[in-house]
Amino acid sequence: MLKSAFSIFVVLVVSSCVTPPPKNQSNLCAVFDQYPKWYDYAASAQEKWGTPKQTLMAFVKQESSYRSHAKPPFKWFLVIPLGRGSSAKGYAQAQNPVWSEYEKERGALFRGRTDMKDALDFIGWYNHRTNKRLGISKWDPKEMYLAYHEGHGGYRSGSYNKKPQLLKVADKVARTSDTYGAQLATCEGRLRCRQWYKFWPFCS
């Protein structure tokens with residue numbers, strides 16, 4: 001009885017710490033208005049790695065719909081669960097092997113796939129490697145997403161050409177990035193300068 005009550009308590013505590021997805025995911029200004037720190041995280045990742053904020057957020061929208069604890073669905077054989085399709089987890093749906101590489105390079109302490117700051121830094125880091133290894137522009141969200149989804153080896157082999165649904169998803173990510181970019185142009189000034197200590201000429 002006591003063990004059961006403790007388990008319920010733990011579940012409730014963990015649930016209370018989960019950040020709900022934004023109410024309006026189709027508008028980046030609305031997303032950042034609801035979660036202003038996400039703008040700071042995206043700006044920091046862009047400054048460090050070069051992928052535009054709107055593309056970083058378009059990746060998150062596609063990968064997890066802004067659900068911090070998103071995981072692939074279980075696979076089943078009749079009524080027998082076979083496990084999840086992959087080890088992908090969190091906002092960026094980063095899988096275990098590449099996340100381990102990221103932690104080795106960036107440090108593992110206090111990093112987590114369920115943290116938006118780390119997820120955006122991971123996407124920026126991965127896209128930076130994509131740019132260096134494959135020569136894809138960081139301003140090309142479609143090709144960047146294909147490399148993100150297929151891995152660098154898969155992209156080199158053209159594996160995505162046999163996946164028409166993936167090509168449609170990559171086109172969708174590119175459209176979302178373009179839409180997000182246009183929206184961000186209308187609100188970035190107030191987002192960038194929203195703190196009292198940010199003023200001209202340090203913020204404009």
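Where a number appears in this text, it was derived from the coordinates with a stated rule and is not lab data. What you see is a predicted model, and the numbers here were worked out from it, not measured in a lab. Cβ coordinates were reconstructed from backbone atoms using ideal geometry, including for glycine residues, and neighbour counts include every protein chain displayed.
Quick look at the numbers
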quantity: Debye, to nearest 20: dipole size of the range 85-140, +1 on Lys, Arg Cβ, -1 on Asp, Glu Cβ; calculated: 100 debye
quantity: The range 86-173, relative contact order in percent, only Cα pairs under 8 angstrom and at least six apart counted; calculated: 19 percent
quantity: Cβ-defined net charge surrounding Pro22, 12 Å radius [Lys, Arg +1; Asp, Glu -1]; calculated: +2
quantity: 14 Å cut-off, amide nitrogen to a point 7 angstrom out along Ser137 Cα→Cβ, residues in the range 173-188; calculated: 178
quantity: Loop-resident sites, the range 98-184, for chymotrypsin sites (Phe, Trp or Tyr not before Pro), counting at most 16 other Cβ within 10 Å (DSSP); calculated: Phe110, Trp139
quantity: Loop sites in the range 106-204: trypsin sites (Lys or Arg not before Pro), DSSP, at most 15 other Cβ within 10 Å; calculated: Arg194, Lys198
quantity: Taking the range 134-193 and dividing mean pair separation by its residue count, relative contact order in percent (alpha carbons under 8 Å, at least six apart); calculated: 31 percent
